[in-house]
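Presented below is the structure to which this report refers.
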Amino acid sequence: MVVRSGSGTVEPWSEDLADEVDERHPEERGLIPIEPEPSGAAWQDMADYRAGVPFKDELLEYPHLREAWFAFADARMERRALRWLAGEGLIDDAAAERAIAQRPDPPPPALADDRFALARAVADDLRTLFGDRLQRVLVFGSSARGDADPESDLDLLVVLDDMRSAWDEGARMDDVLWRHTLESGIVVSALPVRAAELEPPTRPVLIRALADGVEP
């Protein structure tokens, strides 16, 4: 690809097309070659984007993260194009800087900042999953106490009327918990328990969970 200085017209050109278009080299006709971007630039864009988004291995499986990535990549590419145009004298530096300032990196996808809203959304999905077997869901740990930091898990106590295996019930919840974890950026952990185990609780983890547990 080449661009015509002055008019800004872009036209295709390659050695194979020389006889069909004009046998003279583009630079002999006052055209400026547009060199392809090095692959490393795109890789760096992805690395910069991934640095701001949690759970990187699955990020492109989720539509809202894909859309955010394309917006991020477009802004990066447009800024590079503007710098190239200014460097070749096709636009003046001041105009390029103004245009670049109008194309900042978009913010990363918003992470859930309301842990109880997230807990309610998870609880709704668990009600669909377990039906009448689900008696209640409690938030416990740092999220319930109000001292969670951005890296803290959201710990949920999932109380079922009956269950044969905590392992099996945990596996049943995996898809729900993983989806909300990826979408929110907060690790959602759930401890399934039989309702009878809470009357009264004897396991230390259940005693602590009931002591600071809060309905979302």
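The values are calculated or read from the model by the stated rules, or taken from the named source; none is laboratory data. Note that this is a predicted model, so its numbers are computed, not measured. Methodologically, a virtual Cβ is constructed for each residue, glycine included, from the backbone with ideal geometry; neighbour enumeration extends over all protein chains shown. Please note that ligands, DNA and RNA were not included when accessible areas were found on the heavy atoms of the full protein model with its side chains. Shrake-Rupley method; radii C 1.70, N 1.55, O 1.52, S 1.80 Å.
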request  = Inspect all residues belonging to segment 150-170 and state whether any of them is of a type in the set (Lys, Arg), out of contact with any helix residue (DSSP H, G or I) (no Cβ under 8 Å at 6 or more places or on another chain) and at pLDDT below 90.
outcome  = yes
remark   = Residues in segment 122-141 that are open to solvent by less than 20 Å² (accessible area, probe 1.4 Å) and touching a Gly at 6+ places or on another chain (Cβ under 6 Å) total 1
ask   = Name the residues in segment 151-171 that are within 16 Å of ASP125 (Cα to Cα) and surrounded by 15 or more Cβ atoms within 10 Å (Cβ to Cβ), would you?
value = LEU154, ASP155, LEU156, LEU157, VAL158, VAL159, LEU160, GLU169, GLY170
task = Looking at (1) within 13 Å of VAL187 (Cα to Cα); (2) at pLDDT below 90, find the lone condition where ALA119 falls short.
result = (2)
query = For ASP175, which of the numbered conditions (1) touching a strand residue (DSSP E or B) at 6+ places or on another chain (Cβ under 8 Å); (2) open to solvent by 30 Å² or more (accessible area, probe 1.4 Å); (3) more than 12 Å from ALA123 (Cα to Cα); (4) not hydrophobic (A, V, I, L, M, F, W, C) fails to hold?
reply = (1)
ask   = Looking at (1) in contact with a strand residue (DSSP E or B) (Cβ under 7 Å, 6 or more places away or on another chain); (2) exposed (fewer than 15 other Cβ atoms within 10 Å of the Cβ); (3) among the charged types (D, E, K, R), which is the only condition ARG194 fails?
value = (2)
ask   = VAL214 versus (1) open to solvent by less than 60 Å² (accessible area, probe 1.4 Å); (2) touching an Asp or Glu at 6+ places or on another chain (Cβ under 9 Å); (3) in contact (Cβ under 8 Å) with a residue 40 or more places away in the chain: which is the lone unmet condition?
value = (2)
